[in-house]
Amino acid sequence: MKLLPKVFIAFTVAALAYAAYQALVVAPTEQTMGNVQRIFYYHVPSAWTAFLLFFVNFLASAVYLWKRNTAADAVAAATAEVGVVFCTVVLITGPIWARPVWGIWWTWDARLTTTLVLWLIYVSYLVLRRYSTGSQTALLAAALSIFGFVDVPIVYMTIRWFRTQHPSPVIGGGSNSGLDPSMWPPLLWNWLAFSMLAIILVAVRYRLQRMEEDVEQQHAQVALRGGTA
Amino acid sequence: MKGDVALKAAYIVTWVIQLSYMGYLWSRFRRLREEQKDLKREVGL
């Protein structure tokens, strides 16, 4: 392994440890919810990271549709898979927070439902890529990604458009909303650390995608030689 | 579920998911590397 990735991994591990310290020790205890509110520092950065990954997936898919560039297709595959992992964290940490605060694990309100739909769209995308064997797989996946991304701004806006059980926006939510200034550093540290982790996972997954393509090509060559021998 | 238990559960679940995914990537990497070696051997023959 080259030096730069090693240094980046070391910085990421340090950032994740420091971010956890910020969330669990430095962040103030919320008055009404108590310690359970600290789930916010994992839940929200995971959601932001997932949105960012789905946005990169959207861009890479658009590039693939335009240029038929296989590297863009590999980026799309990598970002979708890592995005699903982060979205899964969001969908599991949310109900764990909701149970002691709301008294229920889940409710079919607009924010929760659209987030579940978002997860299902990208799981469908991965299933399509995994099990479709035709030559049009990358093309179909790119088209699905373009349509699927429409749900990301919908998820973001649901708590602004509808009255939901999910808390109303504390960031960019108007004059009556806002985050306590002491809560910003833990939140931003966790987002930075999760984003760095996402970069590593995407880089590894991208490399795997290229390796898979290489192996497939080699299999085809071997089969061709066998057929002509 | 009490607040402190929920907090621990959420943080543990997050890392179980992330570490499981890393493990999955690692096993996939190893399998592909083996496959590449086998193919090189096959082509060499």
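Quick notes on this one:
- Between the listed residues A:Ala19, A:Pro95, A:Ala62, the Cα displaced farthest toward the positive end of the dipole of region A:1-96, a dipole computed from Cβ unit charges relative to the Cα centre, is found at A:Ala62.
- For region A:140-229, trypsin sites (Lys or Arg not before Pro) meeting the loop criterion (DSSP other than H, G, I, E, B) and having at most 12 other Cβ atoms within 10 Å: A:Arg163.
- Region A:41-176: Cα Rg divided by the 2.2 N^0.38 Å rule of thumb: 1.14
- Overall dimensions of region A:104-229 by Cα: Rg and Dmax, Å: 21.5, 76
- Evaluated with a Cβ-only charge set (Lys, Arg +1; Asp, Glu -1), chain B carries a dipole of roughly 80 debye about its Cα centre, given to the nearest 20.
- Here's the picture: charge each Lys and Arg Cβ at +1 and each Asp and Glu Cβ at -1 in chain A, and of A:Ile39, A:Leu126, A:Gln165 the one pushed furthest to the positive end of that dipole is A:Leu126.
- Cα-based helix-to-principal-axis angle, B:3-44 vs chain B, degrees rounded to 10: 0
- Neighbourhood net charge (11 Å Cβ-Cβ; Lys/Arg +1, Asp/Glu -1) for A:Glu81: +4
- Simple point charges give the picture: +1 on the Cβ of Lys and Arg, -1 on the Cβ of Asp and Glu, and for region A:1-144 a dipole about the Cα centre of about 340 debye.
- Taking Cα atoms only, the orientation of helix A:40-67 departs from the longest principal axis of chain A by about 30 degrees.
- Formal net charge of residues neighbouring A:Ile200 (Cβ-Cβ distance under 13 Å; K, R +1; D, E -1): +3
- Sulfur and carbon atoms: percent of accessible area, chain A [1.4 Å]: 67
- Local electrostatic count, A:Ile92, Cβ distance below 15 Å [Lys/Arg +1, Asp/Glu -1]: +2
- Rounded to the nearest 20 debye, dipole of the protein assembly as shown from Cβ charges on Lys, Arg, Asp, Glu: 420
- Whole-Å semi-axes of the ellipsoid equivalent to the protein assembly as shown (Cα gyration tensor, √5λ, descending): 39, 22, 16
- Peptides A:18-29, A:80-91, A:42-53 ranked from most to least packed by the mean count of surrounding Cβ atoms within 10 Å: A:80-91, A:42-53, A:18-29.
- Coil-residue trypsin sites (Lys or Arg not before Pro) of region A:11-77, DSSP, other Cβ within 10 Å capped at 15: A:Arg68
- Mean ellipticity per residue at 222 nm, deg cm²/dmol - from DSSP H runs of n ≥ 4 across chain A, formula -39500 (n - 2.57): -26000 deg cm²/dmol
- Excluding ligands, DNA and RNA and using a 1.4 Å probe, chains A and B jointly bury around 3000 Å² of accessible surface, summed across both partners.
- A dipole drawn for chain A from +1 and -1 charges on Cβ atoms has a positive end, and of A:Asn190, A:Ala72, A:Trp48 the residue lying farthest that way is A:Ala72.
- Principal-axis tilt of helix A:110-131 within chain A, Cα atoms, nearest 10 degrees: 20
- Taken over region A:175-216, the percentage of Cα pairs per 10 Å bin, counting from 0 up to the bin with the maximum distance, is 24, 26, 21, 15, 10, 3.
- Look at the stretch B:28-37: the mean tally of other chain Cβ atoms within 10 Å of its residues' Cβ atoms is 3.
The values are calculated or read from the model by the stated rules, or taken from the named source; none is laboratory data. None of these values were measured; they are calculated from a predicted model. Neighbour counts run over all protein chains shown; Cβ positions are idealised from the backbone, glycine included. Accessible surface areas use protein heavy atoms only, side chains included; no ligands, DNA or RNA. Shrake-Rupley method; radii C 1.70, N 1.55, O 1.52, S 1.80 Å.
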